[in-house]
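The numbers here are math on the coordinates, done by the rules we state, and not lab data. As the structure is a computational prediction, the values presented were derived from the model and not from experiment. No Cβ is skipped: glycine too gets one built from the backbone with ideal geometry, and neighbour counts run over all protein chains shown.
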Amino acid sequence: MATAVLPSDAMIGQTFKHYEVEAELGKGGMGVVYRARDTQLGRPVALKVLTPEFTRDEDRKKRFLQEARAASAVNHPAIAPVYEVGEGPEGLFIAMELVEGRTVKALIQARELDLLGGIEVALQVAGGLQKAHEAGIVHRDIKPENVVVTPDGHAKILDFGLAKLLEPTAPATARSADEISHMETLAKTQAGFVLGTLRYMSPEQARGQAIDYRSDIFSLGVVLYEMVTGQLPFSGSTPLDTLHAIAYEETRPVTALRPNIPASLQRVVTRCLRKRAADRYPDARELITDLKAVQREVESGISSKVPLGVRLQEQWTSLRHRTLGEWLLPAGVGVVLLAVVLAMLFGPETEGLPGSLIFFGIVGLFVWRRFRNRRIRLARRAVKKMSRMEEVRLIALDGMRLTVLADRAQARTYVRANAIVDAVNSSMFFGDPFTVVVRDDVSDEEAKALLTGPGILYVRENEPLPPAPPAPNTTSVEQG
């Protein structure tokens, strides 16, 4: 029996299962998104009610429900969690986290993402994809509209599992062997929805072939290309022309569109956009490694090898997330060091004991000094990077909170500031993490309080001081 569908505006004020619809947030080819409130848990949610044409086929609907429920089990800071998937009076729906912020598409159009901001967003999205891919989930629809940057500068991937509804129900063996015929059919059907999506499709997706996680890597490469150049790598006058370009044409190098882009980023983009899936990054983890290398190069302005100290620190960070078998190397080093210490303390030559104690005393004092100054040292590391942003006026530290004053706080300011603080926090093995607050609405009194306070760590050169209060009038009055 067909499901009666109310007009989208008629849904306002209605209760959909235990979700009270408050407002319409947007409408697309696959359905309508509402702002709603979960009456059971008292939290705001984004409620997506899907268009019936995508859910009429029972086999397709079943596969979508399985995929969406599996995606809801994936937990990562860059993935907007799915709270519930099911059917209500108006059809199939998804309740997910209500993510406040702006889409990457809006940030690109407003030119609010600089080179480092684009790289940081790509890093966060790649991290979320890596987590999903490890769980066997492929997004299938990575595009700027499906990535939101929150007000505190963190990227969130939306709509995991929705693209499963667009997959053909016929098995691969039953499809036409003519790929152009399939592409033409795809271009002519569901044009309103597909037009916004096909520009980010992988070649195998455009041809109607089976896809895996490397399709997401291709789509992320398209998004990265657009973030750093402001242009799409594949575009045609018609949907069919665009699909043909994706499947067969090469892109224009990003270095030819923007002169300040390093060649290393071009190599990353090129590898993401390989036509054959086997020629792309084998997984998002390797992509993240190369993007971090590009990020360091852009920040330093020097194209060189990564310093040994940085390589060792990243290796240690990666060891924290490895299995027991991958701990063999650091464990072996620790055993050797312990053996050396025991030999020095309890060896046959007891006359060497005082010297050993002095040595360990000096080492202990050095370690104690390092831990004593650890907070301010880590804060200065973050400040050194944040001070390179032109819009930053001053930075102050209060406890573990960094306050950044900017001329105009754009999305790239929040993205970069939070990424820098997150990187510093990742090197901390204990203690409270740093937080960062970016402000551009500070009064003269507040700015002066920060400038004269004890926690000031950076002031931009030639930063004008707020006007001082007038001095009290001390002129004597003659008595008549």
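Brief remarks on what is shown
- For region 211-310, a/c is not less than 1.5, where a ≥ b ≥ c are the root eigenvalues of the C-alpha gyration tensor, and a/b does not top b/c. That puts it in the oblate class.
- Taking amide H as placed 1.01 Å from N in the peptide plane, Leu25 has its amide H under 5 Å from the amide H of Val33, Tyr34, Arg35, each at least 5 places away in sequence or on another chain.
- Order by protection proxy (mean Cβ within 10 Å, highest first), peptides 111-121, 438-448: 111-121, 438-448
- Burial order of peptide ranges 140-149, 242-251, 408-417 (average beta-carbon count within 10 Å, highest first): 140-149, 408-417, 242-251
- Cβ-Cβ distance of Met428 and Lys275, R₀ of 56 Å, FRET efficiency by 1/(1 + (r/R0)^6): the value works out to about 0.85.
- Integer Hz, Karplus 6.51/-1.76/1.60 couplings in order for region 437-442, x for Gly and Pro: 10, 9, 9, 9, 10, 8
- Added length on full extension, which subtracts the Cα-Cα distance from 0.36 nm per residue, Asn75 to Met400: 114.3 nm
- Whole-Hz Karplus values for region 19-25 come out as 10, 8, 6, 10, 7, 8, 9 Hz, taken residue by residue from phi with 6.51 cos²θ - 1.76 cosθ + 1.60 and θ = phi - 60°; glycine and proline positions read x.
- Calculated from backbone phi, Karplus (6.51, -1.76, 1.60) coupling profile of region 246-259 in Hz, x at Gly/Pro: 4, 6, 10, 9, 8, 8, 7, x, 5, 5, 7, 8, 9, x
- Cα gyration tensor, region 374-459 - rounded (a/c under 1.5), prolate or oblate: oblate
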